[in-house]
Structure formats: structure tokens, C-alpha cells
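Report on one structure; see the data block that follows.
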């Protein structure tokens, strides 16, 4: 029988052997790491373990890698949330079609759709997938529940209102293949009463109307608390639209300007890095008539108030994109905005002008973007700059007071672009005195000698003012300047 002394000695010997083995194993690992680190110096990084490569990175590279990893994780989480929403819809539809339980479907429609039938938590690109799940569900008796008919009809109209004519979702350019509910018409179930009802709704929502009459599928976002809209002033006679999706908090929104059978601007409209949104964007005003469509929305960014506005003129091939910033500026401060370009669009500077000409390599036609708040001629100026950077148009403008207005005038009439373009600011007067630049702004834009427009914006509270001899109390005015010196208003917002 072993004594306690012998047992303790044997235990110490075993621990020494284990420690020596551990030291040898760690030493082997260090030697292998050193050999592979030497391989890095000759460029053979593919044999270096990822942990060692991360250890060798600089702090800046580590920060960049961590931000990229965080972005990928956030995208993965968003994708999972969207998948859960669609999966919940599919389960609710199966529960109703198989067991006749309509409560899960009713709860999903009331929770995930707003008053207009737009999915609240899904991006526009996933709306078609959501609707496909609905249309592929076959009820037992062929009749939808009465409580679900109106929400599903609104969902169908909303999806088609936010769809291009080539059957792709607006503000998204990633998907090249059509992915819309029209694909359901080619299914084997196309003869069922369910899809025949869908076809009738499609025909009503897409049917041409008389001249001067606009489609009323989504006339406004009236009463909605989310910034989500598509401006189609000439639908269905002309497929010109501006899509806006600013439901998420932040200074960047989804955006697209579509005209002449292509997308000219989008999919992002972003403010500069100095403006960080601190509140959720909310709709401010909406106007829809025979002359054009106007949409405005605003949010807070600390002490500043940011107001975006989009104006699309009917039958004029013109759109005005602007941002009003109300903030007490610091000395020498400036504001800027960035609008990205679609992958197929190229931007070239117009000769002897600050404007940019947008073209596509394989299609005729062009578009012009004019920074009407800056001088027309392309000379160095301390008032700001307008450049094309990283496949985007970047406008930077010095703040001229408590309020700054950044505006871009977009034209997509190719015949108009054959003529020289120029613009100049106008003097605005109130009670026979010149109005400060942070209270009102007016500009005259001219293509050639025969086509001249004027744009007026009251930056502060509206008041009786005059420019070019034209008296107005409007907050927003766009008009045609006639050869006799008079201004003919096209659209006016009080």
C-alpha cells in the first residue's frame, strides 16, 4: 500500500509532465506563428491564421473592420426581422385556410398595415414577396373573410402604386428580375375566382383616365404619421414619378426620380455629416392638383429643424428638390446634401455652367440638374460648390443666416437641353425694402431665349412681397416668365 508521501510525489511528477507538455504545445504554437508571420513579409498571407492577421492590423483597420462587421450584423438582423414578419403572415394564412381561424390573419393585417395598406415594418422591395404569399393562399370556400377584403385590396393598390412599369419596386435597383404580383397571373391557378378578383382590382387601379384627371389610388398620405409617398402628377398618361421613403429615423431617406423610362436620381438622399436627426420624420403638407404635386416633411436635428420638399410640375418636365434648414449658424459654417445616382447614369459637367448633364450609355435622352442657389457660371466661389463624387451629386452651400435653402432644379426634356442654360437670383422686396437672404429667395432660370421660369420660396413667415414686379403672398411659387415681363404662376402654395 502506497504511503501518502509517495502519492504526493507521484502527483507532483504527473503535474510536472503535464506542464512540460503544455509548455511544449504552446512553444510549438508560437514557433508555428513566427514561421507564418515571416511568410507575411513575403506576401504569403493566405497561410496566416485569421486571428494572427487581425492581431497584426493597425488600430484604424481594426476600427474599420469592427464597423463593417457591425454593419453586416445589423443587416443580418434586419433581414431576420423581415423574414419573421413574412413568416408570421404565412402562418396566419395557413391557419385560416386549413382550420378556418381568421383571428391570426386579422391581427397581422391590423398590426403590420397602415390605413392605406402599406406594410409598416417592411421595405418596399419586400412588399411584393408579402403580396405573393397572400395571392398564393387558396381558401377552402374560395371567399376571403369580410374583415380582410378591404385591407388586402388596399395592400394590392399600394404595391402597384409603388411599382415601376417594368414590374420592379421603386427606390430599389438591386433586383433585375421582375418580382411583382403580376407574376401570379401566369400560375396554374389563374382561373380561380380569387385571382379573377385580383385582376379586376388591377384593371381598376391601372385603367387610363381622362386628360387632367389623376389616379386616386393613393391621393395623399393624409393622416399618416410616416413619410412614404409616390408623386405621379401625370399618371397614367405619363409615367413620371418621385418616390419617397423616409420612415426610419435619420438624415438619409430612400428616393427616386423616374422619367423618360429610366431612373435619373436615387436611391438615397442624404444630408451632410453635420446634421444628425434626433426625431422621426413626419409629413408636413401635401398638394395634388392639375398643375403638379408637392410633398413636404420635416424632422429635428438637435437645435435645427430640417424641412424637405419635392415639387413635380405636370407636363413641364421639371422637378424641384430642396431642403430648408432653420438653425443659428456658426461663423463660416456650411450645409450640404448628397443625392446618389443609379448604376447606369453618368454625370458630366455642362460647359460654362455649374449644372450637370445626366445620360445613359445605351438610351437616348438626358437630364439636367441645376444648383439654383449658387452662381450659374462655374467659377470659384465662397458661396458653395456642386460636384459629382463617388457616383453621387454633392451640393455644399454656405449658410447665409438663420435659414438656409438648398435647392436643385431637375429637367428631363432633351430638346430643352440643346439650348444654353443660365440662372440668376432676383431681388425680393417687402414694403419697398430688400428682403434678407434668410427670409425669402427668388431665382430666374432660362433655357435659350424663349423658355424662362421663376422660382420663389418664402423661408420665413409669408408676407406680401414682390419680385420682377409680381406681387405675391405665397409661401411657394413657380411660374413662367412671359416675354412682356409678367409672371404667370404655374403652381402656388399659400
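The values are calculated or read from the model by the stated rules, or taken from the named source; none is laboratory data. Please read all numbers here as calculations on a predicted model, not as lab measurements. Reconstructed Cβ throughout: ideal geometry from the backbone, glycine too, with neighbour counts over all protein chains shown.
Annotations for the structure displayed:
- Qualifying positions in region 360-388 - without any contact (Cβ under 8 Å) to a residue 40 or more places away in the chain, surrounded by 12 or more Cβ atoms within 10 Å (Cβ to Cβ) and within 26 Å of the chain's Cα centre (by Cα): 371, 374, 385, 386, 387
- Residues of region 236-255 that are over 14 Å from residue 268 (Cα atoms) and buried (at least 21 other Cβ atoms within 10 Å of the Cβ): 240, 241.
- Residue ID - nearest to residue 475 (Cα to Cα), chosen from residues in region 268-295 that are surrounded by 22 or more Cβ atoms within 10 Å (Cβ to Cβ) and under 16 Å from the mean Cα position of the chain (by Cα): 295
- Candidates 121, 107, 84, filtered to the one that is within 20 Å of residue 226 (Cβ to Cβ), surrounded by fewer than 19 Cβ atoms within 10 Å (Cβ to Cβ) and out of contact with any strand residue (DSSP E or B) (no Cβ under 6 Å at 6 or more places or on another chain): 121
The rows are residues; the columns are (1) outside any loop (DSSP other than H, G, I, E, B); (2) in contact (Cβ under 8 Å) with a residue 60 or more places away in the chain; (3) in contact with a strand residue (DSSP E or B) (Cβ under 9 Å, 6 or more places away or on another chain).
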{"residue": "276", "(1), (2), (3)": "no, no, yes"}
{"residue": "285", "(1), (2), (3)": "yes, yes, yes"}
{"residue": "288", "(1), (2), (3)": "yes, yes, yes"}
{"residue": "294", "(1), (2), (3)": "yes, yes, yes"}
{"residue": "297", "(1), (2), (3)": "yes, yes, yes"}
{"residue": "300", "(1), (2), (3)": "yes, no, yes"}
{"residue": "305", "(1), (2), (3)": "yes, no, yes"}
{"residue": "308", "(1), (2), (3)": "yes, yes, yes"}
{"residue": "312", "(1), (2), (3)": "yes, yes, yes"}
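- Only listed residue being more than 30 Å from residue 239 (Cβ to Cβ), out of contact with any helix residue (DSSP H, G or I) (no Cβ under 6 Å at 6 or more places or on another chain) and modelled with pLDDT of 90 or more, chosen from 326, 296, 348, 303: 326
- Looking only at residues in region 343-359 that are in contact (Cβ under 8 Å) with a residue 60 or more places away in the chain, surrounded by fewer than 18 Cβ atoms within 10 Å (Cβ to Cβ) and over 25 Å from residue 444 (Cβ atoms), the one that is nearest to the chain's Cα centre (by Cα) is 343.
- Unique match (being in contact (Cβ under 8 Å) with a residue 40 or more places away in the chain, surrounded by fewer than 18 Cβ atoms within 10 Å (Cβ to Cβ) and in contact with a strand residue (DSSP E or B) (Cβ under 7 Å, 6 or more places away or on another chain)) among 417, 391: 391
- Of all residues in region 93-107, those that are assigned to a loop (DSSP other than H, G, I, E, B) and without any contact (Cβ under 8 Å) to a residue 24 or more places away in the chain total 1.
- Subset of region 448-480 (residues that are closer than 20 Å to residue 419 by Cβ and surrounded by 19 or more Cβ atoms within 10 Å (Cβ to Cβ)): 453, 454, 455, 478, 479
Conditions tested, residue by residue: (1) at pLDDT 75 or above; (2) part of a helix (DSSP H, G or I).
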{"residue": "172", "(1), (2)": "yes, no"}
{"residue": "196", "(1), (2)": "no, yes"}
{"residue": "215", "(1), (2)": "no, no"}
{"residue": "219", "(1), (2)": "no, no"}
{"residue": "235", "(1), (2)": "yes, no"}
{"residue": "242", "(1), (2)": "yes, no"}
{"residue": "256", "(1), (2)": "yes, no"}
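- Flag if residue 382 is in contact with a strand residue (DSSP E or B) (Cβ under 7 Å, 6 or more places away or on another chain), outside any strand (DSSP E or B), modelled with pLDDT under 95 and more than 24 Å from residue 479 (Cβ to Cβ): yes
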